[in-house]
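Everything below concerns the one structure shown next.
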Amino acid sequence: MSKQALVIVDLQNDFCPGGSLAVPDGDKIVPVVNDLIGKFCRAGLPIFATRDWHPENHVSFKAQGGLWPPHCVQNTPGARFHLDLRLPDNVIIISKADSPERDAYSGFEGTDLEALLREAGVDHIVVCGLATDYCVKATALDGLRAGLGVTVVEDAIRGVDVQPGDSQKALAELQAAGATLVQHSAVSP
Ligand code: VGL
Ligand code: ZN
């Protein structure tokens, strides 16, 4: 029997409208993600929430020659999860890219995520969150590389689209790599 976990990627204030690296309509997915949280809670299945957790001199910031404005700086309001996100008390928080010299888009990179999933006996992850064309994509691809089944919930993700079409391309790439795309209504863990 397959055991699933929900992986919520970087649903943090800085990636939502009003934040320093806002994803267009990033906050619109919050009610959809809350619905998914309810389903996984009722099924007694584990829920992981990744967060971008950068020091203030992080390599991905423009001042250090990186691509991005400062965002998700540790212990600042921008790094908090969206206020309306109803994370359960037993959520497992995975902090990533938390040292100055290293960036990580994937929730698996430099974290315990894979080990924790294995310990919990999980063999399939359901992925939602921000941003489709960066951290959602990288996390889902790493899940596949780790040998997990991966479902990406299309109406529970949003993309940055630095180049128009980046998010569509990311979805095509994910499908080609073996991920399944679904709407949240079809998720029944
Ligand atoms: C992300 C850009 C920079 C993401 C993180 O969570 O998708 N994007 N850092
Ligand atoms: Zn970042």
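Just checking, which of Phe40, Phe48 is under 17 Å from Val9 (Cα atoms) and either free of Cβ contacts under 8 Å to residues at least 40 places away in the same chain or assigned to a helix (DSSP H, G or I) (or both)?
Details: Phe48 fails: either free of Cβ contacts under 8 Å to residues at least 40 places away in the same chain or assigned to a helix (DSSP H, G or I) (or both).
Of Phe40, Phe48, the one residue that is under 17 Å from Val9 (Cα atoms) and either free of Cβ contacts under 8 Å to residues at least 40 places away in the same chain or assigned to a helix (DSSP H, G or I) (or both) is Phe40.
Looking only at the range 178-185, decide whether some residue is touching a residue at least 60 places away in the same chain (Cβ under 8 Å), open to solvent by 20 Å² or more (accessible area, probe 1.4 Å) and either more than 16 Å from Ser106 (Cα to Cα) or within 16 Å of ligand 1 (Cβ to nearest atom) (or both). Scanning the range 178-185, I find at least one residue that is touching a residue at least 60 places away in the same chain (Cβ under 8 Å), open to solvent by 20 Å² or more (accessible area, probe 1.4 Å) and either more than 16 Å from Ser106 (Cα to Cα) or within 16 Å of ligand 1 (Cβ to nearest atom) (or both), so the answer is yes. Among the residues of the range 54-68, those identified as open to solvent by 40 Å² or more (accessible area, probe 1.4 Å), of a type outside the set (D, E, K, R) and within 14 Å of ligand 1 (Cβ to nearest atom) are Val59, Gln64, Leu67.
Just checking: which of the strands (runs of 3 or more DSSP E) contained wholly in the range 74-189 hold 3 or more residues that are aliphatic (A, V, I, L, M)? Don't jump to the end; show me each part of the working.
Details: elements: 92-96, 124-130, 149-158, 180-182.
Counting at least 3 such residues, we get 92-96, 124-130, 149-158.
For the range 69-82, give me the residue count where each residue is in contact (Cβ under 8 Å) with a residue 60 or more places away in the chain and away from ligand 1 (no atom under 15 Å from the Cβ). Step through it out loud before you land on a result.
Going through the range 69-82, the residues in contact (Cβ under 8 Å) with a residue 60 or more places away in the chain turn out to be 72, 77-82.
Next, from what is left, pick out any that are away from ligand 1 (no atom under 15 Å from the Cβ): 77.
Selection size over the range 69-82: 1.
Go through the residues of the range 16-28 one by one and say whether even a single one is away from ligand 2 (no atom under 16 Å from the Cβ) and assigned to a helix (DSSP H, G or I). There is at least one residue in the range 16-28 that is away from ligand 2 (no atom under 16 Å from the Cβ) and assigned to a helix (DSSP H, G or I). The set of residues in the range 1-52 being in contact with a Gly (Cβ under 7 Å, 6 or more places away or on another chain), surrounded by fewer than 20 Cβ atoms within 10 Å (Cβ to Cβ) and of a type in the set (D, E, K, R) consists of Lys3 alone.
The values are calculated or read from the model by the stated rules, or taken from the named source; none is laboratory data. All of these numbers come straight from a predicted model, not from anything done at the bench. Positions of Cβ are generated from backbone atoms using ideal geometry, with glycine treated the same way; all protein chains shown enter the neighbour counts. Quick note on the areas: whole protein, heavy atoms, side chains included, nothing else; ligands and nucleic acids left out. Shrake-Rupley method; radii C 1.70, N 1.55, O 1.52, S 1.80 Å.
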